[in-house]
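Some notes on the structure that comes next.
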Amino acid sequence: MPKLFGRTFTRRQLLDRVGDISQLMHARRAELTEGFARGADLIEVFNASGFNFSVLPGRALDISSAHFKGQSLCFRSGPGDVGPAFYEPEGFKWGRGWFGGLVTTCGMDFVGHPEVDPEVENVEMPLHGRLSYIPAKNVGVEAGWEGEDYVLRIRGQMRQSEVFMENLEMTREIRAVLGENRLQICDRVENLAADPSPLMVVYHCNPGFPLLDQGTRLVLHSRKSTEWQQDAEVSTSDYAVAKGPQATAHDDVYVHRPLADRQGKVHVGLLNDKLGLGLYWKFKRSEIPVVNQWQHFHKGTYVTGIEPGNCSVLGRAWNRKHKTLEYIEPGEVREFNIEIGVLDGAAEMRAFEREVKKGIVGGKKRK
């Protein structure tokens with residue numbers, strides 16, 4: 001049953017109080033027509049819980065912005081929402097269309113800096129792959145009562161294909177429930193080609209101000225964490241607490257091998273104690289065994305990345321060396337399920353931290 005405004009309501013009690021359920025939850029579709037946003041299109045999701053977000057059908061149904069009770073949860077870049085027709089794959093030009101946002105999906109066959117893989121294509125792969133610039137097809141929005149819950153679903157498909165090369169199709173569903181401060185993403189990837197293909201999928205989530213600020217803490221239990229340049233092991237003192245905006249641009253990337261709880265679930269949180277606001281991620285380690293973390297605390301582009309995936313963001317060669325490069329066989333289907341939600345207030349954040357600690361016990365049994 002929906003919990004709204006400090007109370008729990010039955011379906012009948014809510015319908016007695018509204019002319020239409022859109023007073024409390026709806027998804028509104030719009031066409032973006034101005035500037036570089038043309039072609040990205042928009043699905044705005046409103047939830048009376050206070051958790052609202054925007055989905056871009058023209059950009060792989062990625063989530064370009066999210067707010068909780070008027071507070072932005074994510075970084076928004078200078079380019080803003082850019083339509084797929086303006087994709088520049090050369091070098092690092094991916095960033096000319098990167099909106100930041102709550103979720104930018106990287107993949108499906110490559111994630112990392114531009115790189116040539118002589119064992120597969122033997123051509124330069126574009127930064128973080130092509131997926132985020134692929135427009136969705138068969139896009140649909142459904143909403144309705146499922147028992148005592150009012151559930152909203154957004155669905156669509158993205159196909160990455162080249163003649164004589166890969167032919168991968170992702171079917172995505174985004175699910176939200178009235179009264180809840182979370183969303184769930186279910187991605188189903190199928191290899192439609194006659195040959196195996198590398199499968200690299202990372203959820204590039206980009207928390208920003210005010211959630212991200214000096215002192216914001218990353219809560220994560222990892223059996224091993226390494227930095228990106230020397231592959232040296234690091235401790236929580238290296239990565240767990242955010243700095244304020246810095247005068248000089250500098251990037252740090254960490255690769256975490258997270259521990260799971262007894263149910264095989266990984267719990268990751270980013271907590272701002274001063275604000276009383278947090279963001280969390282939950283997923284199965286069997287599907288998503290790696291958490292990448294990016295720190296870019298430069299003035300004007302103040303952002304961090306929490307990036308769960310089935311691989312690191314360090315490219316094919318790194319993942320092949322560390323045995324984290326996965327392949328998908330012809331006709332095979334792989335699923336990735338991830339939940340992203342808000343922690344509202346100190347009590348919810350403390351409860352989440354207690355839940356994360358269960359990963360120490362459950363995870364050590366799964367090394």
Name every residue in region 276-315 that is part of a strand (DSSP E or B), among the small types (Gly, Ala, Ser) and either under 12 Å from the mean Cα position of the chain (by Cα) or surrounded by fewer than 20 Cβ atoms within 10 Å (Cβ to Cβ) (or both), in order of residue number. Gly305, Gly309
Could you check region 299-346 and list, in sequence order, the residues that are β-branched (Val, Ile, Thr), in contact with a Ser or Thr (Cβ under 7 Å, 6 or more places away or on another chain) and more than 24 Å from Tyr239 (Cβ to Cβ)? Ile328
Only residues that are assigned to a strand (DSSP E or B), farther than 27 Å from Phe68 by Cβ and in contact (Cβ under 8 Å) with a residue 24 or more places away in the chain: list them for region 144-190, please. Met158, Arg159, Gln160, Ser161, Asn167, Leu168, Met170, Arg188, Val189, Glu190
Counting only residues that are under 21 Å from the mean Cα position of the chain (by Cα), part of a loop (DSSP other than H, G, I, E, B) and farther than 23 Å from Cys74 by Cα, region 222-254 contains a total of 1
Between a residue in region 66-83 that is closer than 21 Å to Gly179 by Cβ and surrounded by fewer than 18 Cβ atoms within 10 Å (Cβ to Cβ) and any residue that is of a type outside the set (Phe, Trp, Tyr) and modelled with pLDDT of 95 or more, which pairs come within a Cβ distance under 6 Å, given they are 6 or more apart or on different chains? His67/Asn52; Lys69/Gly50; Gln71/Pro210
Output for region 191-208, where each listed residue is assigned to a loop (DSSP other than H, G, I, E, B) and more than 20 Å from the chain's Cα centre (by Cα): Leu192, Ala193, Ala194, Asp195, Pro196
Could you tell me whether Pro207 is modelled with pLDDT of 95 or more, touching a helix residue (DSSP H, G or I) at 6+ places or on another chain (Cβ under 8 Å), crowded, with 23+ Cβ neighbours inside 10 Å and within 30 Å of Ala136 (Cα to Cα)? no
Which strands (runs of 3 or more DSSP E) does region 11-66 wholly contain that include 3 or more residues that are over 22 Å from the mean Cα position of the chain (by Cα) and closer than 28 Å to Glu307 by Cβ? none
Please tell me if Asp251 is surrounded by 20 or more Cβ atoms within 10 Å (Cβ to Cβ) and either in contact (Cβ under 8 Å) with a residue 40 or more places away in the chain or in contact with a helix residue (DSSP H, G or I) (Cβ under 6 Å, 6 or more places away or on another chain) (or both). no
Counting only residues that are within 19 Å of the chain's Cα centre (by Cα) and farther than 30 Å from Gly70 by Cβ, which one in region 318-356 is surrounded by the most Cβ atoms within 10 Å (Cβ to Cβ)? Phe336
Out of Leu168, Leu152, Leu131, sole residue that is of a type in the set (A, V, I, L, M) and out of contact with any Asp or Glu (no Cβ under 8 Å at 6 or more places or on another chain): Leu131
Might you let me know whether region 110-122 holds any residue that is of a type in the set (Phe, Trp, Tyr) and closer than 25 Å to His296 by Cα? yes
Report whether or not His267 is free of Cβ contacts under 8 Å to residues at least 40 places away in the same chain, surrounded by 21 or more Cβ atoms within 10 Å (Cβ to Cβ) and within 26 Å of Asn337 (Cβ to Cβ). no
Members of region 100-128 found to be over 15 Å from the mean Cα position of the chain (by Cα) and in a strand (DSSP E or B), listed by number: Glu115, Val116, Glu124, Met125
Condition met for Phe110 (farther than 21 Å from Leu279 by Cα, touching a strand residue (DSSP E or B) at 6+ places or on another chain (Cβ under 6 Å) and surrounded by 24 or more Cβ atoms within 10 Å (Cβ to Cβ)): yes
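The values are calculated or read from the model by the stated rules, or taken from the named source; none is laboratory data. Since the structure is predicted, the reported quantities are computational estimates derived from the model, not experimental observations. No Cβ is skipped: glycine too gets one built from the backbone with ideal geometry, and neighbour counts run over all protein chains shown.
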